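**Student:** Here it is, the structure in full.
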Amino acid sequence: MDLRLTAEEAAFRDEFREWLAANVPKDWNEWREKPLEESFGYLRAWQQKLHLGGWAAVSWPKEYGGRSATLMEQAIFWEEMARVEAPPMANALGLGIIGPTVIAYGTEAQKARFIPKILSAEEIWCQGFSEPNAGSDLAALQTEARLDGDNYIVNGQKVWTSYGWVSDWCELVVRTDAAVAKHKGLTVLLVDVKSPGVEVRPLRQMTGESEFNEIFFRDARVPVANVLGTVNDGWNVAVSTLMHERGSFGARLIPLFKRSINRLIELSRKVQKNGQPAAKDPILRQKLAQCYAEVEIMRLNQLRAFSRLTATGVPGPEGSIQKLFWSELNQRIQQLGQEMLGPYGQLLGEDSYAVDKGIWSYGYLRSRGNTIEAGTSEVQRNIIGHFVLGLPRSY
Ligand SMILES: Cc1cc2nc3c(=O)[nH]c(=O)nc-3n(C[C@H](O)[C@H](O)[C@H](O)COP(=O)(O)OP(=O)(O)OC[C@H]3O[C@@H](n4cnc5c(N)ncnc54)[C@H](O)[C@@H]3O)c2cc1C
C-alpha cells in the first residue's frame, strides 16, 4: 500500500483545511466541559454548518448528500477535524451507522424522508438493539412487533440506548416471528421516538452524564412502511449497522488518540513524580512509549481494514480487531494519565485544583464502557478466533 497522498487526496485535504480555518467555532473550549444536555444545541448547530458546507458525511454517496470520499479521504477528514480540535457532530449514530444502513436497505421513499434530516441534524437518531436480556446475544431479543393492519404494534424494552434522551428516531430491532430460529424472526423498524406508547428514561453513568437510556414500548404503533429491509431479515440489516460501527470508528479515533498521547507527554513534563518531572521516571517513560507505539499499530491495522474494504466493499472481521484494540488501548492511555496525576487525577472539571479541566478524570471513567459498547472484548475475541483465525467456536 502506498501511504503517500495522491494529488486528489492532497486537494481534498487542502479544501477541507481551508473550510475549517474559516468555519470551525473558536469557543468550543468553553463548551467542551459542559454536560452534553447543555452543549447538544451547540453540536447540532456545528453539524448544520458542516452540512451546509457539504462536509457532514463525506463517506456517503454524492447522490445522498455525501462526497463519495475514498477511505483515505475519510481518514484525512478525521485527521483534519482532530488537528483543529473541532467539536464532534450531534447526530453521531445517524451519520456514522444508521444513515449508511438506510442507504443500503431503505426504499426510495425512506431515503427521501430520512436521509436529508440525518445530515442536517434536524432529526437525531438512536440505535435500539440491546435489551436487559439480550446484549452480546442480540438475537435473543424479546421486544415483539405484531402486525395489525397497516401497523406493527410494538411491546418491550430496550436499554443502554445512547442519545435516546435527545432522539427523534430509533433504528429498532424487534421480533416479528417467535416460531422460527431466533436469528430468523427479527425485523428492523424505523420508529418515531416521540410517538404514543414510547417512553424514554435516562440512566445516569458514573461520569455524571445520562448519555444512554432505557426505552419502553407499550402498544406503540409503527407503520408497515417503516420496515427497513425485509420482514424477518432484520438480523442482516442489524449486522450491517454493527459492521459500520466496528469497521469505521477506528479511523476517527486515531487522530484523537494521537492528541491524547501528545497531551500525556505535555503532562509528564509538568507533573512531578518522586521529586522530578514524571517524564524522567523510567517506568512512566516506558509506558508512554508503549502507548505511542500502539497508536501507530492501530493506524496500520486501520489501513489493513481499509485495504480489505476497498477490495471487497464489505467491512470484514478486521473491524473486530480494531474495536478490541482501540477500546483496550484507550483504557491504557487513560490509566497512564491517572498514574501520572495520582490523587489529582480524580478531580473533575469544576474543581479549581483539577488538571487540564478534569479531562483525565472524565476520560478514565468514560473509557471503562469502551470494552462493552459496540460488542464486548470477549465477544470480539470470539469473532477473531472463529472468523479470522479459523478456530472452532468456543460456545
Ligand atoms: C457506553 C455504552 C453505550 C451503548 N450504547 C448502546 C446503544 O446506543 N444501543 C444499543 O442497543 N446498545 C448500546 N450499548 C449496549 C452494548 O451493546 C451492550 O452492553 C453489549 O453488547 C454487551 O451486552 P450486555 O451489556 O447485555 O452484556 P452481556 O451480553 O450480558 O455480557 C455480560 C458478560 O458476559 C460476557 N459474554 C457474553 N457472551 C459471551 C460469550 N459468548 N463468550 C464469552 N463471554 C461472553 C461479556 O463479554 C460480558 O463480560 C451500549 C453500551 C455502553 C457501555
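**Student:** Return one number: the angle in degrees, 0 to 90 and rounded to the nearest 10, between the long axis of the Cα atoms of helix 282-312 and the longest principal axis of the Cα atoms of the chain.
**Tutor:** 40
**Student:** State, to one decimal in nm, how far the label point of E350 lies from the label point of T107, with both points 7 Å from Cα in the Cβ direction.
**Tutor:** Each label point lies 7 Å from its Cα, and together they span 5.0 nm.
**Student:** Ok, one more. How many percent of the accessible area of the chain is carbon or sulfur, using a 1.4 Å probe?
**Tutor:** Within the chain, the accessible surface is 54 percent carbon and sulfur.
**Student:** May I pose another question? Compare the Cα positions of L189, A179, V237 along the charge dipole of the range 172-261 (+1 at Cβ of Lys, Arg; -1 at Cβ of Asp, Glu; about the Cα centre) and return the one farthest towards the positive end.
**Tutor:** V237
**Student:** Also, I was wondering about something else. With the radius of gyration and the Kirkwood radius both derived from the Cα set of the chain, what is their ratio Rg to Rh?
**Tutor:** Working: Rg = 21.7 Å, Rh = 22.4 Å.
Value, to two decimals: 0.97.
**Student:** State the Cα centre-to-centre distance between the range 251-274 and the range 311-342 in whole Å.
**Tutor:** So the two Cα centres are separated by 15 Å.
**Student:** Using only the alpha-carbon atoms, how far is helix 7-23 inclined from the longest principal axis of the chain? Give it as 0 to 90 degrees, nearest 10.
**Tutor:** On a 0 to 90 degree scale, this one is about 80.
**Student:** Still on this structure, please answer the following. Would you look at the GNM of the chain, springs on alpha carbons closer than 10 Å, and say which of Q142, Q157, Q346 moves the most?
**Tutor:** Q346
**Student:** What are the semi-axes of the equivalent ellipsoid of the range 258-377, taken as the square roots of 5 times the eigenvalues of the Cα gyration tensor, listed largest first and rounded to whole Å? Intermediate values should be presented prior to the final figure.
**Tutor:** Values: eigenvalues 197, 55, 21 Å².
Result for the range 258-377: semi-axes of 31, 17, 10 Å.
**Student:** Could you tell me the relative contact order of the chain? Use alpha-carbon pairs under 8 Å, at least six residues apart, and round to a whole percent.
**Tutor:** Working: 632 pairs, mean separation 45.2, N = 395.
Over the chain, the number comes to 11 percent.
**Student:** Separate question: Hey, what number do you get for the chain at 222 nm if only DSSP H runs of n ≥ 4 count, each worth -39500 (n - 2.57), divided across all residues, to the nearest 500? Before the final figure, lay out each step's value.
**Tutor:** Working: 11 runs with 179 residues, N = 395.
Only helices count here, giving -15000 deg cm²/dmol.
**Student:** Now for a different question. Given H placed on each backbone N at 1.01 Å, which residues far from V159 in sequence or on other chains put an amide H within less than 5 Å of it?
**Tutor:** S130, E131, I215
**Student:** Need the full-extension length gain, L203 to D233, defined as separation in residues times 0.36 nm minus the C-alpha distance. One decimal, nm. Kindly include the intermediate steps, with their values, before the conclusion.
**Tutor:** Values: separation 30, 0.36 × 30 = 10.80 nm, distance 3.07 nm.
Gain on stretching L203 to D233: 7.7 nm.
**Student:** A further question on this structure: What shape does the range 120-191 have by the C-alpha gyration tensor, where a ≥ b ≥ c are the square roots of the eigenvalues, rounded means a/c under 1.5, and otherwise prolate means a/b greater than b/c and oblate the rest? It would help to have the intermediate numbers written out before the result.
**Tutor:** On the way: a/c = 2.40, a/b = 1.37, b/c = 1.75.
It is oblate, given that a/c is not under 1.5 and a/b is not larger than b/c.
**Student:** Let me ask something else. According to the square roots a ≥ b ≥ c of the eigenvalues of the Cα gyration tensor, what is the shape class of the range 175-326, taking rounded for a/c under 1.5, prolate for a/b larger than b/c otherwise, and oblate for the remainder? Before the final figure, lay out each step's value.
**Tutor:** Numbers: a/c = 3.75, a/b = 1.85, b/c = 2.03.
Oblate, because a/c is 1.5 or more while a/b does not exceed b/c.
**Student:** If you don't mind, another one. Can you tell me the 0 to 90 degree angle between the C-alpha axis of helix 36-52 and the longest principal axis of the chain, rounded to 10?
**Tutor:** The answer is roughly 80 degrees.
**Student:** Cross-link list K117/K357; K34/K158; K258/K280: which exceed 25 angstrom alpha carbon to alpha carbon?
**Tutor:** Working: K117/K357 34 Å; K34/K158 27 Å; K258/K280 21 Å.
With Cα atoms farther than 25 Å apart: K117/K357; K34/K158.
**Student:** With the Cα gyration tensor of the range 287-348 giving a ≥ b ≥ c as the square roots of its eigenvalues, does the rule (a/c under 1.5 for rounded; else a/b larger than b/c for prolate; else oblate) give rounded, prolate or oblate? Walk me through the numbers on the way to the answer.
**Tutor:** Values: a/c = 4.70, a/b = 2.74, b/c = 1.71.
Note, shape of the range 287-348 comes out prolate.
**Student:** Just how large is the dipole of the chain about the Cα centre, in debye to the nearest 20, putting +1 at every Lys and Arg Cβ and -1 at every Asp and Glu Cβ?
**Tutor:** Values: 45 positive and 47 negative charges, 194 e Å.
Here the size comes out at about 940 debye.
**Student:** I'm a student and want to see the number: the projected area of the Cα convex hull of the range 43-170, averaged over all directions, in nm². Let's see the in-between values first.
**Tutor:** Working: hull surface 37.5 nm².
Across all orientations, the range 43-170 yields a mean hull projection of 9.4 nm².
The values are calculated or read from the model by the stated rules, or taken from the named source; none is laboratory data. Just so you know, these numbers come straight off a predicted model, no measurement behind them. With ideal geometry, Cβ positions are generated from the backbone for all residues, glycine too; neighbour counts draw on all protein chains shown. Note: accessible area is taken over every heavy atom of the protein model, side chains too, but ligands, DNA and RNA are not part of it. Shrake-Rupley method; radii C 1.70, N 1.55, O 1.52, S 1.80 Å.
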